[in-house]
Each structure stands twice: as structure tokens, then as C-alpha cells.
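Data block below; observations after.
The values are calculated or read from the model by the stated rules, or taken from the named source; none is laboratory data. Quick caveat: nothing in here was measured; it's all calculated off a predicted structure. No Cβ is skipped: glycine too gets one built from the backbone with ideal geometry, and neighbour counts run over all protein chains shown.
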Amino acid sequence: MSFMFSSGRFRRSPVPAVFPAVFLAVFLIWAMPGNASADQAQAPGTSPAAAAIQAAPAAKKAQPSRKNARPARKKNPPSQAAPAAASQQPAATASGPKEESPAQARAPELPEGPAGDAARAYAQGDFLKARDIWQKLAEEGDAQAMNNLGVLYDQGHGVEPDTGRALHWFAQSAKAGHPSGMSNYGRMLEQGRGIAANPQEAARWFDLAARQGQPEAQYNLGLLYERGRGVPQDDKAAAAWYSRAAAQQQSESLARLGHFYRAGRGVAKNPGRAVLLLYAAAMSGEAGAIRELEEMAKEGPARQAAVLFGQKLDATDRAAMRAALRKSGTPASRESDDFICDLYDVRRVVPGAEQMAACYGPGSPAPLGFLKIDYAAPDKATAAQILHMVEERFGPPSAGEGDDARLWNLGSVVVATQYAPTHRQMSLMYMVPGVYHLTRRP
């Protein structure tokens with residue numbers, strides 16, 4: 001297993017009470033039947049390898065990505081998605097992926113020995129020490145260390161950027177069978193960085209890594225099938241690979257699969273599933289997904305704006321929200337700029353509610369990114385009453401699964417409810433996609 005030091009792995013949860021929005025979206029998405037399967041991700045009558053290397057019409061060449069785990073955030077329409085690299089930051093072998101944050105008191109669990117020492121050095125910004133350790137491990141045949149060196153030279157961390165050396169180490173890692181090395185080598189081949197562009201060979205390496213479960217490779221292979229670059233154009237195959245990567249919460253795949261369900265490309269048209277997938281991607285800051293949610297909101301039924309305590313939630317900030325809450329007589333349990341979230345006791349001002357968390361993005365003024373109100377819901381009937389209250393205000397939900405989780409797409413704000421019977425609680429959440437992802441980073 002690999003332990004990744006990517007921004008997607010290390011996110012600080014604002015406060016324990018705040019419900020993780022992306023988890024809600026993924027729960028809703030995969031609770032719905034009929035997801036695409038990558039088992040059909042090859043052309044009829046061909047083997048997976050043969051399908052990956054068939055000639056296809058040339059497509060517009062992708063621009064090189066400067067990031068090494070996720071693609072650059074392109075300001076392009078949905079059909080112009082960019083390829084992703086396999087690992088934004090180097091990995092070290094460990095017992096499994098963790099959700100630890102560098103900002104938390106206890107350090108992430110890392111293996112003993114050189115691999116762990118290198119990982120700790122990298123996490124602390126000591127790239128030269130990490131490079132020296134990985135260099136030695138790579139020379140001893142460690143395929144993961146080879147990939148990590150490739151990342152260092154590709155990004156210029158602790159070394160001068162060197163496309164040739166990055167390509168060398170990615171190639172060595174790929175040939176040694178490391179999935180991230182395969183995916184990164186495929187990306188260099190697809191983009192023609194340090195080597196002549198060869199989309200057919202890139203597809204072959206993406207396919208090998210994708211079938212080992214590497215999410216960026218699955219996304220990249222889906223992108224090639226969508227574009228018909230290096231493989232026959234095949235929307236069904238693209239949707240299938242996006243589906244596999246989306247199941248691992250790979251944000252670009254969530255966005256592309258959401259677009260496919262919206263347009264009915266390679267899958268049956270399903271606006272509800274499209275909203276859920278785009279929502280999950282938007283919560284990670286995918287600009288294309290945020291834009292598509294806003295477009296879908298304009299196409300759908302007219303809904304009230306998200307306004308609480310006299311504040312339009314997609315246009316307010318910490319200072320304005322605090323002033324409005326004081327004016328309403330809402331007592332604060334905690335108001336401190338040292339924390340991402342302010343906490344309030346709303347029992348006197350919101351009937352049936354207990355606590356509210358208001359969480360903000362960085363900057364001055366700090367924009368509101370997330371607001372969550374917890375209601376006491378001792379039974380299903382009480383939860384249904386709260387849900388009815390939300391439906392009266394915003395209309396039928398855009399998507400959902402029974403009474404436990406529903407979602408309203410207002411465009412610049414997404415509203416969601418989540419019933420937790422074991423906690424006897426119903427949560428009402430307002431999320432501003434353009435800011436929310438910033439509230440969950442160290």
C-alpha cells in the first residue's frame with residue numbers, strides 16, 4: 001500500500017461536528033443502481049491491451065500538467081479536461097492510506113527505516129534529504145522510490161527541474177511494475193515531455209496501471225477514450241473508467257462522469273446522478289464541476305436563494321456573519337480567528353436546532369464556505385418534519401436517497417440534509433462550492 005502526501009490526503013476537518021460533504025455525495029452516488037462498469041472498457045472483440053494500442057484519429061494535444069497527482073485546474077469547458085499525474089507528492093510504503101493532517105498534533109503513521117525517513121523529510125520540506133534516501137533506494141531497485149525521484153525532478157522539489165531525469169525514473173518505475181510509475185510514464189508519453197509523443201503507448205501504460213486500481217491512470221485512460229486519442233473513441237469505455245476512478249473519489253473523474261450523466265454520453269442520461277457527481281467534484285474545488293452545477297441550476301426549477309440571518313450565503317464573510325448573528329441574539333460557543341469554524345448555540349433562534357457551525361475560507365475578509373445546523377431528531381417522524389420544512393423552502397430535491405440524504409442544487413450554493421438515526425440527529429448543510437474546499441485544507 002502507498003501513503004500519499006497529497007493535498008487530497010491531508011485535509012484538516014474544521015471541527016468534529018462538521019459532516020464531510022464529499023462523503024455524503026459518494027454515499028448518495030454509489031447507493032444508486034446502475035453505475036458504469038469498467039469491465040466493458042475495451043473495444044468489442046479485442047483484449048484490453050489490444051484495445052489500448054489501436055490507432056485512432058489524432059486529438060488536440062494536451063498541455064503539460066505541472067502537478068503530479070491531479071491535473072492543472074484548466075479554465076476550459078468540460079470536454080477539454082486535462083490529463084492527471086499519478087502522484088502529486090512522493091509516497092512511502094505504509095500499512096494503508098491515512099487521513100491525518102500535518103496540522104494535527106500527532107504525526108502520520110509512517111514505516112520505520114529509510115522509506116519512512118524519506119517520507120518524513122519530504123513532509124517537513126527537507127527535499128534534499130528525501131532525495132538522497134530515495135536515490136539510494138532506487139539504485140537498490142525500489143520501484144516506489146524511483147517514482148518518487150521522478151516526482152522530485154518533475155516538480156523541481158529540492159532539485160532543478162529536469163524533464164529528462166523525471167522521465168528516466170518514471171520509466172524505470174513503470175518497467176519495475178509500480179502503478180504510479182506506469183501512470184506517470186504514460187503521462188509523459190501522452191504529452192510528449194522528454195520523449196516523442198506516443199498516445200498509443202501512453203494508453204498501454206495507463207491501461208496496465210488502471211487495471212491495478214491506480215485512480216489517476218483510470219482517469220487518464222478514460223480521457224483518452226473520450227477524446228479518441230491513442231485508442232478508439234468510446235464514450236462507454238470512458239464512462240466505465242471514470243466510474244472506477246470516481247469510486248476512489250478522484251475529483252476529475254467525478255466531474256467528467258457527472259458531465260457524462262448530464263449529457264447522456266456513454267451512460268443513460270440521469271440529471272440526479274449528474275448533480276451528485278458534480279457536487280462531489282465541486283466540493284474538491286473542480287472549477288468545471290462548479291460551473292456545470294450553476295448551469296444545471298439555471299436549467300432547473302426556480303428556487304429561493306440561500307439566505308440565513310439576513311445574509312446571502314454565497315456573498316457573505318466572517319465579519320458580516322458574526323455581526324448578523326450578534327444582532328439576532330445568537331450566543332456564540334466559540335468565535336475565534338484561530339479556528340476555521342465558529343460555533344453557536346442556536347436553540348433560542350432556530351426552533352428544534354441545537355448547534356450551528358459556520359466555517360470560512362482563507363483571506364480577509366474570510367468568505368463563508370460551509371454552514372451546518374444540527375437538529376434533534378429522536379425518530380424518523382421528526383426527521384421527516386425537518387425535511388418537509390426544507391422542501392417547503394427550496395422545493396423538490398435535485399437528488400437524494402430516501403429520507404436519509406437529500407440535496408438541492410441552487411447553483412452557487414448547495415443545500416443538503418443528512419439524517420443520522422444512531423445519533424438521533426438531522427443535519428442541514430449549506431455549502432458554497434467555490435469556497436468549501438478551502439475550508440478543509442491546512
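Determine which member of the set G192, G150, G181 is surrounded by fewer than 22 Cβ atoms within 10 Å (Cβ to Cβ) and either in contact with an Asp or Glu (Cβ under 8 Å, 6 or more places away or on another chain) or of a type in the set (G, A, S) (or both). First the steps, then the outcome.
Numbers: G150 fails: surrounded by fewer than 22 Cβ atoms within 10 Å (Cβ to Cβ); G181 fails: surrounded by fewer than 22 Cβ atoms within 10 Å (Cβ to Cβ).
One residue alone meets the criteria, G192.
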Being under 26 Å from E354 (Cα atoms), modelled with pLDDT of 95 or more and not polar (S, T, N, Q): is that true of V267 here?
no
Helices (runs of 4 or more DSSP H) (entirely within region 165-265) containing at least 2 residues that are closer than 22 Å to R291 by Cα:
215-227, 235-246, 251-263
Look at S328 and say whether it is touching an Asp or Glu at 6+ places or on another chain (Cβ under 8 Å) and surrounded by fewer than 23 Cβ atoms within 10 Å (Cβ to Cβ).
no
Looking at (1) within 30 Å of A115 (Cα to Cα); (2) free of Cβ contacts under 8 Å to residues at least 24 places away in the same chain, find the lone condition where A196 falls short.
(1)
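Looking for something under 25 Å from G258 (Cα atoms) and loosely packed, with under 14 Cβ neighbours inside 10 Å - is there at least one such residue anywhere in region 396-416?
Filtering region 396-416 for residues under 25 Å from G258 (Cα atoms) gives 396-416.
Still in the list and also loosely packed, with under 14 Cβ neighbours inside 10 Å: 396, 402.
Within region 396-416 (the criterion being under 25 Å from G258 (Cα atoms) and loosely packed, with under 14 Cβ neighbours inside 10 Å), the answer is yes, since at least one residue qualifies.
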